[in-house]
Amino acid sequence: MKVRLTVNGEDREVEVEPRRLLSDVLRHELDCQGVHLGCEHGVCGACTVIMDGVAVRSCLTLAPQAEGTTVLTTEGLGTPEHPSVVQRAFKTEHGLQCGFCTPGFVCAITAMLDDVDEMDDGELREALAGNICRCTGYANIVKAARRAAAERDESDSVIRQGGGCCGEQRGCCNG
Ligand code: FES
Ligand code: FES
């Protein structure tokens, strides 16, 4: 069957078997290598992407369920030259070590910041409890989330802009 969706600002169409997982289609058919697979059971959060503005486990989502949706992976949030506010905060606060969990955290925090105005550390940790990191001890990840929350502004909402960073200038994408 055909599945049509928008991934990181680009309209894509893929031919898939109905049982295919969105995580596999994003990685293998659509070359989104930032979608990491840890447990493939919905436990670790490494495969988290943003679908229609909501953080979802792509390993628990069948590709046909993504028909007509807008999906953002970490590649659509920023580039190495022009990282998003959350990606910059992870770098500044050393919020990663091996980096395996990082794309999932970045997507989860990006979706969360688009949804809430303020959170204390307890609420923040609870909101991120669905993502597992084996390296960092979480302290710097929480610091990165707080920094991103403090530094964000309207132009940083990649979700509202529909994703697909052009890499030219922060906040310029899709108008
Ligand atoms: S790979 Fe999807 S939650 Fe672990
Ligand atoms: S930085 Fe290694 S698993 Fe999180």
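The values are calculated or read from the model by the stated rules, or taken from the named source; none is laboratory data. This structure is a prediction, so every number in the text was calculated from the model and none was measured. Every residue, glycine as well, gets a Cβ built from its backbone with ideal geometry; the counts of neighbours run over all protein chains shown. Note: accessible area is taken over every heavy atom of the protein model, side chains too, but ligands, DNA and RNA are not part of it. Shrake-Rupley method; radii C 1.70, N 1.55, O 1.52, S 1.80 Å.
Considering the range 123-138, the residues that are away from ligand 1 (no atom under 16 Å from the Cβ) and either open to solvent by 50 Å² or more (accessible area, probe 1.4 Å) or among the β-branched types (Val, Ile, Thr) (or both) include one that is farthest from Cys47 (Cα to Cα), namely Glu123.
Within the range 139-149, the residues that satisfy the criterion of being closer than 25 Å to Gln161 by Cα and open to solvent by 20 Å² or more (accessible area, probe 1.4 Å) are Arg146, Arg147, Ala149.
Return yes or no: is Leu30 surrounded by 24 or more Cβ atoms within 10 Å (Cβ to Cβ) and either over 14 Å from Asn131 (Cβ atoms) or in contact with a His (Cβ under 9 Å, 6 or more places away or on another chain) (or both)? So Leu30 fails the test. Of the residues making up the range 108-126, just one is closer than 22 Å to Val71 by Cα, among the small types (Gly, Ala, Ser) and more than 14 Å from ligand 2 (Cβ to nearest atom), namely Ala111. Taking Leu26 as the residue in question, decide whether it is in contact with a Lys or Arg (Cβ under 8 Å, 6 or more places away or on another chain), more than 9 Å from ligand 1 (Cβ to nearest atom) and not basic (Lys, Arg). No, not satisfied. Evaluating Val35 against the criteria (1) in contact with a Cys (Cβ under 7 Å, 6 or more places away or on another chain); (2) open to solvent by less than 10 Å² (accessible area, probe 1.4 Å); (3) more than 14 Å from ligand 1 (Cβ to nearest atom); (4) in a loop (DSSP other than H, G, I, E, B) leaves one unmet condition, (3). Can Thr48 be described as under 22 Å from Lys143 (Cα atoms) and surrounded by 20 or more Cβ atoms within 10 Å (Cβ to Cβ)? Against the criterion (under 22 Å from Lys143 (Cα atoms) and surrounded by 20 or more Cβ atoms within 10 Å (Cβ to Cβ)), Thr48 qualifies. Determine whether Val86 is outside any loop (DSSP other than H, G, I, E, B) and touching a strand residue (DSSP E or B) at 6+ places or on another chain (Cβ under 9 Å). Here the answer is no, as Val86 does not meet what is asked.
Of all the residues in the range 58-67, those that are open to solvent by 50 Å² or more (accessible area, probe 1.4 Å), under 9 Å from Leu22 (Cβ atoms) and not in a helix (DSSP H, G or I) number 1. Total residues in the range 127-138 satisfying the condition of being away from ligand 2 (no atom under 12 Å from the Cβ) and modelled with pLDDT of 90 or more: the figure is 2.
Taken together, the criteria place Gly95 among residues that are assigned to a loop (DSSP other than H, G, I, E, B) and open to solvent by less than 20 Å² (accessible area, probe 1.4 Å).
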